[in-house]
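Take a look at the structure below.
Computed from the coordinates by the stated procedures, all read-outs in this text should not be read as laboratory data. Predicted model only: the values in this text are computed from it and were never measured. Glycine gets a Cβ as well: all are built from the backbone with ideal geometry, and neighbour counts include every protein chain shown.
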């Protein structure tokens, strides 16, 4: 039986996404770690990523005119883009700083808290309802992370606080994206997201950089290798576009499975590349418990989506609605919550929690209202 060419292409895209996502995280760790490249300036590294991404987006929009900029008013920029960029910059700053204190493997385990953080923020902001079944899943995830943390040999409270703070900052960014941008009817594709958000994030990062890292750069000898930082920023940018391609060809379940697979691969690779990333049985046990909670959470969310999509309408009415939704979402990347709540489905979505990769924070979040797992990636850790 011949395998479909489109299916092969989809799996190639998934493989590229997994490789880039894992590679960017490991690359960031290598660059920042005092034991390796020794560039312990996470804010500076993040600003390099923001500057590079903003420049590329500017060239694509204003010079080569690959895509057209959206209609951006001062009110939308001031009330939506600026606050979203502020929390985005914060999540990248805290997440990248965590690399200086804790291992990549432990960071990935802590990221299992992302669904918890996003759910809590969504409930507080009124975009999601507090439900007993979801609350119990969040509790299971939290217990798993606590067990995993207890089993961490090189546990560092400073690094853990940085990472958890970054997770909650990213969760709030996701919720704000839903509350602010979606209510304004504004949707951004990857390039326009970079164009508007990257420069603003760069400005927000400048203040802590000037106060915290600029003095250190003046008194210490920091090595700067152009090709190292250029390739690092280029990988992060490529990750953004690989996510866009994957979202366009797969559904929520496939993306979630790919994300979980990426996490396990990343944990295994980090222990091989960075010997200090020792994993204990208690680490794995706690992470497995947290993962069970995440899987059940995903199942309940998919079940909710299907319940919304199941009709009481006639078949013809359903088809008409789906065609309408497909047409509506064909021009720009539409966050999944919009599609889900409208009863539509499509290739550009997944569920609201299908793919937020901290390594590629500029992609409009498909997990806007709930899940979220992993800023930057290049952006952050």
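When 48, 12 are arranged by Cβ crowding within 10 Å, least crowded first, meaning fewest neighbours, the order is 12, 48.
Report the FRET efficiency, 1/(1 + (r/R0)^6), for residue 79 and residue 276, where r is their Cβ-Cβ distance and R0 is 51 Å, rounded to 0.05. After rounding to 0.05, the efficiency reads 0.70. Full extension of the chain between residue 214 and residue 15 gives 67.8 nm of extra length, using 0.36 nm per residue less the Cα-Cα distance.
From the square roots a ≥ b ≥ c of the eigenvalues of the alpha-carbon gyration tensor of the stretch 72-133, which class results: rounded (a/c under 1.5), prolate (a/b over b/c), or oblate? Here the stretch 72-133 falls in the oblate category. Let's test the formula: R0 of 22 Å, r as the Cβ-Cβ distance of residue 257 and residue 284. What FRET efficiency results, to the nearest 0.05? Computed FRET efficiency for residue 257 and residue 284: 0.70.
As a proxy for reagent exposure, ranking 85, 4, 142 by other Cβ atoms within 10 Å from fewest up yields 4, 142, 85. From the square roots a ≥ b ≥ c of the eigenvalues of the alpha-carbon gyration tensor of the stretch 5-307, which class results: rounded (a/c under 1.5), prolate (a/b over b/c), or oblate? It comes out rounded by the Cα gyration axes.
Using a 10 Å cut-off around each Cβ, can you sort 93, 227 from fewest to most neighbouring Cβ atoms? So the ranking, lowest neighbour count to highest, is 227, 93. For the pair residue 8 and residue 161, how long in nm is the line joining their label points, each one 7 Å along Cα→Cβ? Once both label points are built, they end up 5.4 nm from each other.
Between residue 55 and residue 222, the C-beta separation translates, for a Förster distance of 25 Å, into a calculated FRET efficiency of about 0.65. Answer rounded, prolate or oblate for the stretch 1-117, using the Cα gyration tensor with square roots of eigenvalues a ≥ b ≥ c: rounded when a/c is under 1.5, else prolate when a/b is larger than b/c, else oblate. Oblate, because a/c is 1.5 or more while a/b does not exceed b/c.
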